[in-house]
Amino acid sequence: MKIIDNKESEEETSAMDSYKKVYRYFELISIGSSALITKAITDWLQGLKVQQVVVLSLTFALVYLLNEFFVWIFKNVFSNFTYLRRYFFGEEFVEGLWIEFLTDNNNLTSVGIVLIKADKEGNGLNLVGDNYSVNSEGDWLLNYRFSSKNELTKFQFPILDFAYVNRFAIPVNGRTSIEGVAQLTFSSLQGTPSRYHASFNLAEDDPRIVGLEGWKIQDRSDLKEIKKDSISSSNLYKIIEKYIKIKENNQQQN
């Protein structure tokens, strides 16, 4: 039998996914709170001379139900209040809308709009988004929609690892989707991260390793427009083109 000392326990905790670590701490608090409340109730029942078998049955039931209740409250509060998560993670807060620039030999090949958000079930972070490119006639087209796979993300700031699925708008070589793994490395000059660099590895039959850069979208009018359920394609493309020009200007200045 392996004995885990405090040092090993601390190392394991420090290596845990940042989001999952918060959930783990709250689970421990929930268990402790449930035990304390249950003890107070059972002590009161014993004072009333309630039969021991009834007290024991209530003890097990109360610990379980109270713990489930506290965890349910925390999951709902934690997943619904962005400001609370921002407070918890501070400069490690990476949620939000991002625009990705994928290039090949400094030539832009496609652009992605990515939403990074907290998983409602406490499994870390989720990523969803779309990828677009311009055809030979200068029209923007949707290439694919992508999403991270549930429970297959790990966030240890500044690195986010995840598995994902790309679902093609038009089948490619008879395939409607392809899977892979990716890694984002976040960076910032001050405050919360505003950039990330990424690498992703596609499925076994397409082993290309491609790098890309992501910028956090912070303009409130752009955020409001993109988040609209009824946003038109033309408005979305205008926003994309706006950031492409900003990137090109930055490259010229450097």
| Criterion (at pLDDT below 90, open to solvent by less than 20 Å² (accessible area, probe 1.4 Å) and either more than 22 Å from the chain's Cα centre (by Cα) or not hydrophobic (A, V, I, L, M, F, W, C) (or both)) met by exactly one of Gly124, Gly191 | Gly124
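Quick test for you: out of Lys75, Lys39, Lys49, pick the one residue that is charged (D, E, K, R) and in contact with a Lys or Arg (Cβ under 8 Å, 6 or more places away or on another chain).
Checking each option against the conditions leaves just Lys75.
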| field | Filtered residues of the stretch 22-62 (kept if under 24 Å from Glu121 (Cβ atoms) and either at pLDDT below 80 or open to solvent by 80 Å² or more (accessible area, probe 1.4 Å) (or both)) | value | Arg24, Tyr25, Leu28, Ile29, Ile31
| field | Residue selected from the stretch 227-254 under the condition among the acidic types (Asp, Glu) and part of a helix (DSSP H, G or I), by the criterion surrounded by the fewest Cβ atoms within 10 Å (Cβ to Cβ) | value | Glu248
| task | Collect the residues in the stretch 89-106 that are open to solvent by 100 Å² or more (accessible area, probe 1.4 Å) and either farther than 30 Å from Glu241 by Cα or in a helix (DSSP H, G or I) (or both), keeping them in residue-number order. | result | Glu91
| Of residues in the stretch 144-167 being open to solvent by 50 Å² or more (accessible area, probe 1.4 Å) and over 18 Å from Phe186 (Cβ atoms), the one modelled with the lowest pLDDT | Glu151
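The values are calculated or read from the model by the stated rules, or taken from the named source; none is laboratory data. As the structure is a prediction and not an experimental result, all values here were calculated from the model. Neighbour counts run over all protein chains shown; Cβ positions are idealised from the backbone, glycine included. Side chains included, ligands, DNA and RNA excluded: accessible areas come from the protein's heavy atoms. Shrake-Rupley method; radii C 1.70, N 1.55, O 1.52, S 1.80 Å.
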